[in-house]
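The values are calculated or read from the model by the stated rules, or taken from the named source; none is laboratory data. In this text the structure is predicted, and so the values were computed from the model without any measurement. Because the Cβ atoms are built from the backbone with ideal geometry, glycine has one as well, and the counts that use them run over all protein chains shown. Protein only, heavy atoms only, side chains kept; ligands, DNA and RNA dropped before computing areas. Shrake-Rupley method; radii C 1.70, N 1.55, O 1.52, S 1.80 Å.
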Amino acid sequence: MQRTIYNILTLSLLVTFFSCGDKQSENGKVETQKEETADSRIFVSKVQFERSKMALGSIVSMSFPITVKTSGMIDVPPENRAEVNATMGGYIKTVPLLIGDKVRRGQALVTIENPDFITLQQDYLEVNGKLEFLKSEYLRQKTMMEENITSQKSFLQSESNYKTTMAQYNGLRKQLTLLNISPAKVENGNMSSVATIYAPISGSITKVDVTRGTYVSPATSIMEIIDNDHIHLELSVFEKDIMKLKKGQEINFKVPESSDKVYKAEVHLIGTSIEENRTIKIHAHLENEKEAHFLPGMFVEAEIITEVSEANALPETAVVAIENNHSLLRLNEETDEGYYFDSVLVKVGNTSGGNIALTSMEGLTIEDKILTKGTFNLIGGE
């Protein structure tokens with residue numbers, strides 16, 4: 001009898017034990033499900049939030065420019081760029097200036113030597129000597145012709161000789177002037193085989209193509225001078241965008257090899273012909289030419305603002321691009337321990353001034369709080 005009672009008690013304890021185990025298992029499953037539900041959100045403790053200098057913000061309405069992206073270079077007008085050449089061929093005697101030297105208009109640049117300069121001056125003196133005699137003979141024949149003392153043939157011959165010599169005189173005098181040799185000094189007997197070349201404009205020397213002793217012809221470039229007092233942008237815009245452009249539109253540009261600073265310019269002229277690469281030239285004036293020390297030839301990247309549109313926006317740091325998708329973190333819940341965020345996929349548009357436009361607000365409202373700093377650290381490395 002006692003053995004029977006013992007068996008019954010043992011069986012009852014086993015049933016009770018397994019029943020408790022099943023309940024604990026069910027309770028464990030419920031807790032796991034709750035944890036999994038909570039884990040679908042991203043949790044950030046308040047300590048981590050402050051230590052990482054994270055920040056919350058809201059979606060705001062902003063003006064976004066619609067732009068045409070292009071590139072080009074810093075340049076100067078043709079009248080501010082000068083190639084220095086010799087009027088007549090010769091050998092460089094002195095070249096005292098270097099690249100980077102500043103010169104003023106009329107300043108001596110180089111001297112050039114050629115024995116032919118002496119021959120030219122001799123011819124000028126000979127013609128100048130004949131001219132006075134031929135002039136007096138022409139006037140004498142003219143007076144005699146008026147008094148019917150001489151024949152018309154003699155008068156015409158003297159007139160022809162005088163005018164021909166006068167043309168030679170003026171031509172030789174002009175050649176001497178182009179060589180910067182003073183005709184007055186030559187007439188006084190001061191002849192020289194050396195001519196000086198002067199600066200045609202003020203500016204800085206950007207090229208020196210000769211050395212002492214170099215022979216140069218009139219087609220040889222001796223040096224280049226550029227005046228940087230007025231610079232502009234020369235941009236190339238593709239044919240497909242040309243109908244969007246007009247005079248007066250604002251341009252934002254930067255010199256990527258120098259800095260990320262953005263400068264302002266304005267469309268001044270639009271070309272009227274298409275280049276071989278299907279682009280058209282845009283000439284733009286800088287808003288403040290003295291703002292930076294630009295040099296001709298610098299490469300620039302530019303955006304021409306064609307119109308402005310309104311859009312909902314966030315700071316660029318709030319949106320993370322992952323495999324062609326863009327995501328942000330929306331605040332789901334704030335507790336004493338920290339913050340819970342939901343990851344939301346969004347569609348984005350243009351960027352401007354560190355902000356990015358949202359082209360779709362699906363799943364978001366203006367009242368939502370968005371993580372604007374620290375988003376990449378939470379979902380960018382996933």
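So here's what we get for this one:
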{"quantity": "Tail fraction, Cα-Cα pairs, the range 45-96, threshold 17 Å, whole percent", "calculated": "76"}
{"quantity": "Dipole moment magnitude, nearest 20 debye, the range 205-277 about Cα centre, only Lys, Arg, Asp, Glu C-beta charged", "calculated": "140"}
{"quantity": "The range 224-382, relative contact order [Cα under 8 Å, separation at least 6], %", "calculated": "19"}
{"quantity": "Charge dipole of the chain about the Cα centre (unit charges at C-beta), most positive-ward option of Ile112, Thr317, Thr150", "calculated": "Thr150"}
{"quantity": "Most positive-pole-ward Cα, Ile231, Met243, Ala265, against dipole of the range 188-302 from beta carbon charges", "calculated": "Met243"}
{"quantity": "Computed helical MRE - 222 nm, the chain, DSSP H runs ≥ 4 contributing -39500 (n - 2.57), nearest 500", "calculated": "-9500 deg cm²/dmol"}
{"quantity": "Whole-number accessible area per residue in Å² for the range 190-290, which is evaluated in the context of all protein chains at 1.4 Å", "calculated": "57"}
{"quantity": "Selection from Ser217, Gly171, Thr359 lying farthest towards where the dipole of the chain points positive, charges on Cβ", "calculated": "Gly171"}
{"quantity": "For the chain, convex hull of alpha carbons as volume per residue, Å³", "calculated": "282"}
{"quantity": "Helix 152-178 axis, angle to the chain major axis (alpha carbon atoms, nearest 10°)", "calculated": "40"}
{"quantity": "Cα pair distances of the range 73-199 binned at 10 Å [whole percent]", "calculated": "11, 29, 23, 17, 11, 6, 2, 0"}
{"quantity": "The range 242-322, accessible surface, carbon-and-sulfur percent (1.4 angstrom probe)", "calculated": "49"}
{"quantity": "Cα coordinate range in the range 287-382, projected on the principal axes (Å, largest first)", "calculated": "58, 27, 27"}
{"quantity": "Cα-Cα over 25 Å, subset of Lys102/Lys261; Lys53/Lys369; Lys53/Lys254; Lys53/Lys264; Lys247/Lys290; Lys240/Lys261", "calculated": "Lys102/Lys261; Lys53/Lys254; Lys53/Lys264; Lys240/Lys261"}
{"quantity": "Using a Förster distance of 45 Å, the FRET efficiency for Glu50-Glu239 (Cβ separation, nearest 0.05)", "calculated": "0.25"}
{"quantity": "Solvent-accessible ranking of Ile59, Ile366, Ile270, largest area first, probe 1.4 Å", "calculated": "Ile366, Ile270, Ile59"}
{"quantity": "Assigned charges on the beta-carbon of Lys, Arg, Asp, Glu; the chain dipole about Cα centre (debye)", "calculated": "1220"}
{"quantity": "Top of Phe133, Phe341, Phe43 by mean-square fluctuation, Gaussian network on the chain, Cα under 10 Å", "calculated": "Phe133"}
{"quantity": "With DNA, RNA and ligands ignored, accessible area of Tyr162 (1.4 Å probe; Å², nearest 10)", "calculated": "40"}
{"quantity": "Paramagnetic label zone (point 7 Å from Cα along Cα-to-C-beta, Asn277; backbone N under 14 Å) in the range 220-247", "calculated": "234-239"}
{"quantity": "Cα-based helix-to-principal-axis angle, 2-39 vs the chain, degrees rounded to 10", "calculated": "20"}
{"quantity": "Gain on full stretching of the segment that runs from Ala167 to Glu310 - 0.36 nm per residue minus C-alpha separation", "calculated": "44.1 nm"}
{"quantity": "Lys, Arg +1 and Asp, Glu -1 on Cβ, resulting dipole of the range 160-269 about Cα centre, debye, nearest 20", "calculated": "420"}
